[in-house]
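> Handing you this structure, nothing more for now.
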Amino acid sequence: MNFKLIFGNKNEVKNLKNEETSIKDILNEMDLSSETVVAKKNGDIVIEDEKINDGDEIQLIKIIYGG
């Protein structure tokens, strides 16, 4: 079971560890916070508790702060 991960210039196919893998698990694995990125699953913005399924495309978009 695989999913596609897009983050910055990374565009790679990753293995799902189990059927309960969530966006939050991926963020933790990459040492990222949900406060610094927005997650999209198959083109739709999702919350970090969203489960990842076989064949999904997950895109992580870094939030830019400024003022």
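The values are calculated or read from the model by the stated rules, or taken from the named source; none is laboratory data. Remember, predicted model here, so these are calculated numbers, not experimental data. Methodologically, a virtual Cβ is constructed for each residue, glycine included, from the backbone with ideal geometry; neighbour enumeration extends over all protein chains shown.
> Quick one: what pairs do we get from region 1-23, first residue of a type in the set (G, A, S), second at pLDDT 95 or above and outside any loop (DSSP other than H, G, I, E, B), C-beta under 8 Å, 6+ apart or different chains?
S22/K51
> Continuing with the same structure: Any residue that is touching a helix residue (DSSP H, G or I) at 6+ places or on another chain (Cβ under 9 Å), surrounded by 12 or more Cβ atoms within 10 Å (Cβ to Cβ) and not in a strand (DSSP E or B) - is there at least one of those in region 26-35? Working first, answer last.
Restricting attention to region 26-35, the residues satisfying the condition of being touching a helix residue (DSSP H, G or I) at 6+ places or on another chain (Cβ under 9 Å) are 32-34.
From what's left, surrounded by 12 or more Cβ atoms within 10 Å (Cβ to Cβ): 32, 34.
Keeping just the survivors that are not in a strand (DSSP E or B) gives 32, 34.
Yes.
> Moving on. Name the pairs whose Cβ atoms lie under 6 Å apart, with the first residue in region 43-67 and farther than 18 Å from G8 by Cβ, the second of a type in the set (K, R), and 6 or more positions between them or separate chains?
Taking only residues 6 or more apart or on different chains, the pairs are E48/K24; E50/K41; D56/K41.
> Something else about it: Does region 1-21 hold any residues that are farther than 11 Å from D56 by Cβ, assigned to a loop (DSSP other than H, G, I, E, B), touching a strand residue (DSSP E or B) at 6+ places or on another chain (Cβ under 9 Å) and modelled with pLDDT of 90 or more, and which are they?
G8, E20
> Could you count how many residues in region 1-52 are under 21 Å from I64 (Cβ atoms), in contact with a Lys or Arg (Cβ under 8 Å, 6 or more places away or on another chain) and of a type in the set (D, E)?
Residues that pass the stated criteria total 1.
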